[in-house]
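Visitor: Let me give you the structure first, and then I'll get to my questions.
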Amino acid sequence: PPGMGKTTALKFLPGRTLVLDVDRTTRVLKDCKNIDLDKVDNIDTWKNWEKVVLDLSKNYVGKYDNVAVDNISELERCLLSDLGSQGKNMGVPSIGNYQQMQFRLVNSLRYLKNLDSNIIMTAWEMTDSYTTAEGQQFNRSYPQLNLKILNNIAGLCDVVGKLAINKDGERGFILAPTNSYFAKNQLDDRKHCLQHELIPGGDET
């Protein structure tokens with residue numbers, strides 16, 4: 001959820017990090033010497049995002065240890081809003097605009113995965129009610145993305161984690177799926193970790 005510390009978690013990434021600021025919440029990172037900030041245009045987003053991705057693919061392969069998109073939920077909304085503003089329905093996106101956005105986001109992630117960097121994407125959280133085959137009901141949390149591309153985006157990621165606060169008041173990530181949490185970890189056998197432990201080598205300070 002907003003305010004849990006998703007953006008702050010980026011300061012713990014080891015090495016040099018580029019943060020692509022979509023939702024304008026990166027003030028908490030401005031004094032971090034290992035982080036470069038670049039604002040994504042959140043008005044003329046369709047053309048600007050294409051430019052950003054192509055520029056990274058052409059000029060920044062291997063330049064950063066980590067490239068972070070903060071956040072992909074807002075990027076999705078900005079792309080749709082921009083497309084809607086170009087249409088004839090008083091700013092409301094059409095069905096075709098949703099399909100354009102879906103392909104652009106998935107293709108963007110494919111491009112970013114060729115940067116020879118860790119690709120980190122923050123997202124807001126949405127919930128729904130889920131019923132198992134046995135009739136048990138659970139409240140399920142997962143990244144706020146269009147449902148038609150949620151599995152595609154998550155499938156292209158090695159790790160999907162839910163940021164949470166443990167009983168000791170420490171922030172960390174849930175990395176193992178349950179009936180209540182959408183998560184996965186294909187890199188190792190950890191089921192959870194603290195913020196600075198997400199990528200080994202992160203600094204606690």
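The values are calculated or read from the model by the stated rules, or taken from the named source; none is laboratory data. Predicted model only: the values in this text are computed from it and were never measured. When we count neighbours, we look across all protein chains shown, and the Cβ atoms used for this are built from the backbone with ideal geometry, even at glycine. Please note that ligands, DNA and RNA were not included when accessible areas were found on the heavy atoms of the full protein model with its side chains. Shrake-Rupley method; radii C 1.70, N 1.55, O 1.52, S 1.80 Å.
Visitor: How far apart, in nm, are the 7 Å Cα→Cβ label points at Arg16 and Asp36?
Guide: That separation, rounded to one decimal, is 0.6 nm.
Visitor: On the first, second and third principal axes, largest extent first, how far apart are the outermost C-alpha atoms of the stretch 89-147 in Å?
Guide: Taking the Cα atoms of the stretch 89-147, the three principal extents are 42, 40, 19 Å.
Visitor: So how much accessible area does Glu125 have, in Å² to the nearest 10, using a 1.4 Å probe?
Guide: 60
Visitor: If you don't mind, there's one more thing I want to ask. If the chain were replaced by its equivalent ellipsoid, with semi-axes equal to the square roots of 5 times the Cα gyration tensor eigenvalues, what would those be, largest first, whole Å?
Guide: Output for the chain: semi-axes of 26, 24, 15 Å.
Visitor: Something else about it: From largest accessible area down, sort Arg110, Arg104; use a 1.4 Å probe on the protein chains.
Guide: Arg110, Arg104
Visitor: Provide the per residue accessible area, probe 1.4 Å, for the chain, rounded to a whole number of square angstrom.
Guide: Per-residue value: 57 Å².
Visitor: Let me ask you something else. Does the stretch 39-121 come out rounded, prolate or oblate by the C-alpha gyration tensor, with a ≥ b ≥ c the root eigenvalues, rounded set by a/c under 1.5 and, if not, prolate when a/b is larger than b/c and oblate if not?
Guide: prolate
Visitor: If you don't mind, another one. Give me the number: length gained by fully extending Ile165 to Ser129, i.e. 0.36 nm times residue separation minus the C-alpha to C-alpha distance, one decimal in nm.
Guide: Answer, rounded to one decimal: 10.7 nm.
Visitor: Please say if the stretch 7-80 is rounded, prolate or oblate, where rounded means a/c under 1.5 for a ≥ b ≥ c the square roots of the C-alpha gyration tensor eigenvalues, and otherwise the choice is prolate for a/b larger than b/c and oblate otherwise?
Guide: oblate
Visitor: Apply the Karplus parameterisation 6.51 cos²θ - 1.76 cosθ + 1.60, with θ equal to phi minus 60°, to every residue of the stretch 76-91 and state each ³J(HN,Hα) to the nearest whole Hz, in sequence, with x for glycine and proline.
Guide: Once θ is set to phi - 60°, the couplings for the stretch 76-91 become 4, 5, 5, 4, 5, 5, 5, 4, x, 5, 8, x, 10, 10, 6, x Hz.
Visitor: As a test of the formula, what do you get for the chain when each DSSP H run with n ≥ 4 contributes -39,500 (n - 2.57) and the sum is divided by the residue count, at 222 nm and rounded to the nearest 500 deg cm²/dmol?
Guide: -9000 deg cm²/dmol
Visitor: Continuing with the same structure: On a 1.4 Å probe surface of the protein chains, which of Ser117, Ser129 comes out largest in accessible area, and what is the full order?
Guide: If we order Ser117, Ser129 from most to least accessible, we get Ser129, Ser117.
Visitor: Using alpha carbons only, how many angstrom separate the centre of the stretch 40-92 from the centre of the stretch 98-144?
Guide: 17
Visitor: Springs between alpha-carbon pairs under 10 angstrom, Gaussian network model over the chain: which of Asn185, Asn89, Asn107 fluctuates most?
Guide: Sorting by GNM fluctuation, first place goes to Asn89.
Visitor: Name the most mobile residue of Gly91, Gly169, Gly155, meaning the one with the largest mean-square fluctuation, in a Gaussian network model of the chain with Cα contacts below 10 Å.
Guide: In the Gaussian network model the winner is Gly169.
Visitor: For the chain, modelled as a GNM with alpha-carbon contacts under 10 angstrom, which of Met90, Met126, Met101 fluctuates the most?
Guide: Sorting by GNM fluctuation, first place goes to Met90.
Visitor: Still on this structure: Taking K and R as +1 and D and E as -1, what net charge do the other residues with C-beta under 14 Å from the C-beta of Asp41 add up to?
Guide: It works out to a net charge of -3.
Visitor: From Cα pairs below 8 angstrom and at least 6 apart in sequence, can you work out the relative contact order of the stretch 23-123, rounded to a whole percent?
Guide: Over the stretch 23-123, the number comes to 36 percent.
Visitor: Still on this structure, please answer the following. Percent antiparallel among DSSP beta bridges with both residues in the chain, to the nearest 5?
Guide: Counting DSSP beta bridges with both partners in the chain, the antiparallel share is about 50 percent.
Visitor: Over all distinct Cα pairs, what is the inverse of the mean 1/r for the stretch 143-185, reported as the Kirkwood hydrodynamic radius in Å?
Guide: 11.3
Visitor: Something else: Using θ = phi - 60° and the Karplus form 6.51 cos²θ - 1.76 cosθ + 1.60, what ³J(HN,Hα) does each residue of the stretch 49-59 get, whole Hz, x for Gly and Pro?
Guide: Values per residue, Gly and Pro as x: 5, 4, 4, 4, 5, 5, 5, 4, 5, 8, 10 Hz.
Visitor: Considering only protein heavy atoms, with the full assembly of protein chains and a 1.4 angstrom probe, order Leu29, Leu147 by accessible area, largest first.
Guide: Of Leu29, Leu147, the descending order of accessible area is Leu147, Leu29.
Visitor: Now for a different question. Under the rule a/c < 1.5 gives rounded, and otherwise a/b versus b/c splits prolate from oblate, where does the stretch 94-189 land using the Cα gyration tensor?
Guide: Oblate.
Visitor: With all protein chains present, how much of the accessible area of the chain (probe radius 1.4 Å) comes from carbon and sulfur, to the nearest whole percent?
Guide: 49
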